[in-house]
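The structure appears below as structure tokens.
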Amino acid sequence: MSTELLHAVLHTASVLPLIPLVAAAGIAVQQLGSQPATSLAEADHREPAAARIALGATALVLILILLIDAAAIGSLIFGYHLPSSILLGTFFSSGDHVIPYVLTFDSLSLPVGTIVAFVALITLRFSRQYLHREAGFQRFFMVVCIFLSGMLFVVFSGNAVLAFIGWELAGVSSYLLIGFAYERHTATRNAQFAFVTNRIGDAGFMVAIAISLIYIGGVGWHEIGQHHEALISRLAALGFVTAALVKSAQWPFGAWIGRALEGPTPSSAIFYGAVMVHAGIFLLIRLEPLLLQVPDLMILLIFIGLVTAVLSWLTALTQTDIKSALLFATLSQTGLMLAACGFGFFRLALAHLCAHMLWRAYQFLRAPAILALSGRPAPPPAAWLSSRAWLHTAALQRFWIDSLSQIAVMRPFSQLARDARSLEERFIASISGAPQAPALIPSPAPLDPLIQSPGTVGRLLYALSNHLLALESRLALQGGDTQARRIFLLAGDYFRQAENLIEHPRYLIILVMLTFVVIL
Amino acid sequence: MDILITLPLLTMLVVLPIIGGLITLLLPARLTTLIARVVGVLGLLISFSVLAVFDPGLGSFQLIDEALWMPGIQIYFRLGVDGISVLFLPATQILFCAVYFLEREDKPDAPLRSALLMLFHAATLGIFCALDGVLFFMFWELALLPTYFLVSRWGLGALRREAATQYILTMLLAGIPIMAAFLLLASQMPGGSSFDLRDWLAHPLSRPQQTVVFLLMLLGFGFKIPLFPLHNWLPVMANEGTAGVLAIVAGLKIGVFALLRLAIPLAPQAALDLHWLLAGLGTAGLLFGAAAALAQTNLRSMLAYSSLSHVSMVVLGIASFNLAGIQGSVFQLLNFSLISGGLFLMIGALHRRTGTNEVGQLGGAAKRMPWMASFVLLFGLAGMGIPGTSGFPAELTIFLAVFTKHAGAALAVLVGAAVAAAAFLSLYRQAFFGPAIAPAMNDVLDLDRPERSVALVFGVIIVFFGLFPQIIMDAINASTHLWVARLR
């Protein structure tokens, strides 16, 4: 096979993360063009088209990846050169910050990419029957296409920004699928919780990208890996690791995943069973050269991985529904993978990841059938566990991760929001003269004013005209004594309120942030 | 192409809506909608011709139309664009065109309303291409008048008159420092007074004068931007105004544009000295806006506070005074015209159907109006800077710039972005998800054909530039380089 031909094929094939996106757009256009179905027959008639687009795109992606796989194996056997990364152009650039559109085809991305596409294909094929006549059939296929595109970006990306694009696309599609049954409040509330938690984790990714671009000079994986400046590497690694831990729901960031099972079973299979929950681990394997420079962070990974594995294992033992049990079993496996990464066995983690993806997807997809066929109640937890009441309770409560995140993150922010609103309503609005509801307008001044208008501007004008009037008629002193007293009393009131406010813990957050803003 | 270059395209662009407005007032009311649409589409075509003849390799002003306007007092009519302003012309045109297509009511006062909108249209375009201090100020104040009447007469809220009064009083007051700064600049030009922006740029002031000019302009433009704590008019207007006016006021950030065009390049030393002030106000607004948005119960107020948060992020980006900062900011400002504008138009369409934007009275809108729900979500995600939408490259660039200059404020950006995302999703969930049992949800219809087309056009543009952001970067590259070079 000539090298030119090989390059041409690779170049064409490297649009593959975009193929599912195009399919998603296609399903959307197909939906946009049609009115809501009026009869069941009509809806039935429409279902195959959406499924066919999604399945076709996924099959195409899988075939392309298999072709590249074949070329890669061939290069090992016949010894010709196969480029490991394909540069397709510039995604965008701003001055010195250049972000190329570059994909990587190496021994890490090809096996994982093949399995991702394969799992997506069988899941979609399964959903075609499973979701038949469900509301939102087309929506499901569209969202899974977006998700597949996101995962392909994560797996094949040649730099951190492209991986981040995929990371977020996966996050958005996960939001849409957890909230798939949008008429149920729990589903949508959990979707929102999962999305916002993931956004907070993504902040780490953003920081890592910024550090790489500014201090390392590029976001390519090899550039990040080959940088040898302890502080920079450490900060970048910390950012990536935070994002990875949140995405793979490791302890103590795993609260969101316990609430994420609201989506239809196939989506649980593909997101939390097989694919998305492994994205964080994949990222860490990808960053192997970077992590090896930060040994203390790797020790932290071992610790977090083992804690996650043990806690999830205990939790899994006490679950009474099959999806939750599988989910926590999955988490305990990802914890082990994380620990393997921490010990430096990245290839072992990769092998574990690939095997686990396939096996877990199969288990998740089989779960509804097992329930339908067996009809047995869930087995009771092991005797040694139920005999230790404290441990059993803790496992049943999922080690209070959920309440912890509520107390640590959600509550302070909602309180801050309320403060911001009251600040606005009580001070800023009255200074700037926002119109009040009629009942609240104070009785007009006894003097018939020349100008009457709300707010500082209005009051200024009003005061000005009054004083001019007063000056014009005669110089007169107004009761200064009482005025001054009133001002002091008012100021005292405000100071007392300010003191009360500072005692609240959430202001600690503000103070800490303020310190950061000032010193950095 | 050759013919296009000889035409005074910018003058045509600015004058077209004025002529359209006059014709609207003269002709019978049933032609109003038609005229507005013709003006919108023609303007869009002219703005595309501007893009066609614009040379992105040139950093300085191009397509200059210059004429002595009032010979007695030496006032010139000078229009021109550079890479920073040129893309705002099609953005303005698309937004106004969308408003013309969506606000179609056959009331007897429709011609007056349409004519006022067109006056607003012309003034906004004038602000983006004026190259003369007096002309800029004239357009700046001219934009206030139609806003006042449109809100006070056709607004949606019960307090629309008070809101409009607050708005115009605030903005007129804000005009005083701007005028003072302009007069100071003009008086310092060699060879007598000159209001030519190019003269102003060529002859920098002394340092203390720069400080005065910068502070005056910051105060004056600060209301319009809006900077924290001068922002209160925005949520008030959001609650009381019409969707169309709001889409324009919140979508086209002419305040920040004026900061970019005038305040910083005309007082570069002062701006560099006072970077902490700009960054501090940006950080405060970013966090405050996001937190306040989270506490709202009304979609419009939430959008207004998110808008404050977003625009503060842009100000923070500008305050880093590096290339990434200015490029990201211009990109993000362009995004807002479609994202904020699109959101306000969609929420306005929701209000037209249900009579409310209070989330407590809504719920389950996605069931009845799947298309509206999809587009609102798409625009909302774009506002959060999700990759795949044009919000992402802009936000990433701004974040890089802020991280380079004020690393601590960059952490605040991340916190603010997460809170703003929570605010949007929380109100979106309450309004659009859940069972459709609210009385407001009886018999509502999904987006009709024009609304769907407008939303689709906005959505396609947002996704397109999310996938190919380099097109925007190439267009603004030369002028932004020049902008940064001026600060050195």
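Since every read-out is calculated from the coordinates, none of them should be taken as a lab result. Note that the structure is a prediction, hence the values are computed from the model and not measured. Cβ coordinates were reconstructed from backbone atoms using ideal geometry, including for glycine residues, and neighbour counts include every protein chain displayed.
Could you list all residues from segment B:428-450 that are within 12 Å of another protein chain (Cβ to nearest Cβ) and in a loop (DSSP other than H, G, I, E, B)?
Correct list: B:433, B:434, B:435, B:436, B:437, B:445, B:446, B:447.
Given the residues A:137, A:153, A:240, which is the only one that is out of contact with any Phe, Trp or Tyr (no Cβ under 6 Å at 6 or more places or on another chain) and within 16 Å of residue A:17 (Cβ to Cβ)?
A:153
Suppose we filter B:363, B:348 for residues that are outside any helix (DSSP H, G or I) and touching a Gly at 6+ places or on another chain (Cβ under 8 Å); which single one remains?
Values: B:348 fails: outside any helix (DSSP H, G or I).
Exactly one residue qualifies, and that residue is B:363.
Do we have residue A:79 as closer than 22 Å to residue A:9 by Cβ and within 14 Å of another protein chain (Cβ to nearest Cβ) here?
On the way: closer than 22 Å to residue A:9 by Cβ: yes; within 14 Å of another protein chain (Cβ to nearest Cβ): no.
For residue A:79, the condition - closer than 22 Å to residue A:9 by Cβ and within 14 Å of another protein chain (Cβ to nearest Cβ) - is not met.
Spot the failing condition for residue B:303; the list is (1) within 14 Å of chain A (Cβ to nearest Cβ); (2) part of a helix (DSSP H, G or I), and only one is missed.
That leaves (1) as the condition not met.
Only one residue in B:249, B:212, B:236, B:151 is more than 11 Å from chain A (Cβ to nearest Cβ) and over 30 Å from residue B:483 (Cα atoms). Which one? Explain how you work it out, then say what you get.
Details: B:249 fails: over 30 Å from residue B:483 (Cα atoms); B:212 fails: over 30 Å from residue B:483 (Cα atoms); B:236 fails: more than 11 Å from chain A (Cβ to nearest Cβ).
Result: B:151 is the single residue among B:249, B:212, B:236, B:151 that is more than 11 Å from chain A (Cβ to nearest Cβ) and over 30 Å from residue B:483 (Cα atoms).
When segment A:199-240 is examined, which residues are found to be of a type in the set (A, V, I, L, M), surrounded by fewer than 18 Cβ atoms within 10 Å (Cβ to Cβ) and under 24 Å from residue A:87 (Cβ atoms)?
The one that is of a type in the set (A, V, I, L, M), surrounded by fewer than 18 Cβ atoms within 10 Å (Cβ to Cβ) and under 24 Å from residue A:87 (Cβ atoms): A:214.
Name the one entry in A:203, A:244 that is among the hydrophobic types (A, V, I, L, M, F, W, C), out of contact with any Pro (no Cβ under 9 Å at 6 or more places or on another chain) and more than 7 Å from chain B (Cβ to nearest Cβ).
Result of the check over A:203, A:244: A:244.
Could we say that residue B:284 is within 14 Å of chain A (Cβ to nearest Cβ) and over 20 Å from the mean Cα position of the chain (by Cα) here? Don't jump to the end; show me each part of the working.
Numbers: within 14 Å of chain A (Cβ to nearest Cβ): yes; over 20 Å from the mean Cα position of the chain (by Cα): yes.
When the stated conditions are applied, residue B:284 passes them.
Which of the residues belonging to segment B:359-417 are more than 7 Å from every other protein chain (Cβ to nearest Cβ) and hydroxyl-bearing (Ser, Thr, Tyr)?
Once the filter is applied, which keeps residues that are more than 7 Å from every other protein chain (Cβ to nearest Cβ) and hydroxyl-bearing (Ser, Thr, Tyr), segment B:359-417 yields B:374, B:389, B:390.
If a residue must be free of Cβ contacts under 8 Å to residues at least 60 places away in the same chain, over 30 Å from residue B:415 (Cα atoms) and either surrounded by 17 or more Cβ atoms within 10 Å (Cβ to Cβ) or not hydrophobic (A, V, I, L, M, F, W, C) (or both), how many such residues does segment A:370-426 contain?
Final tally of qualifying residues: 10.
Within segment B:65-95, how many residues turn out to be among the aliphatic types (A, V, I, L, M) and outside any helix (DSSP H, G or I)? Break it down into steps so the answer makes sense when it comes.
Kept after step one, since they are among the aliphatic types (A, V, I, L, M), are these residues of segment B:65-95: B:67-68, B:70, B:73, B:75, B:79, B:81, B:84, B:86-87, B:89, B:91, B:94-95.
If we keep only those that are outside any helix (DSSP H, G or I) as well, we get B:67-68, B:70, B:75, B:79, B:81, B:87.
So the count comes out to 7.
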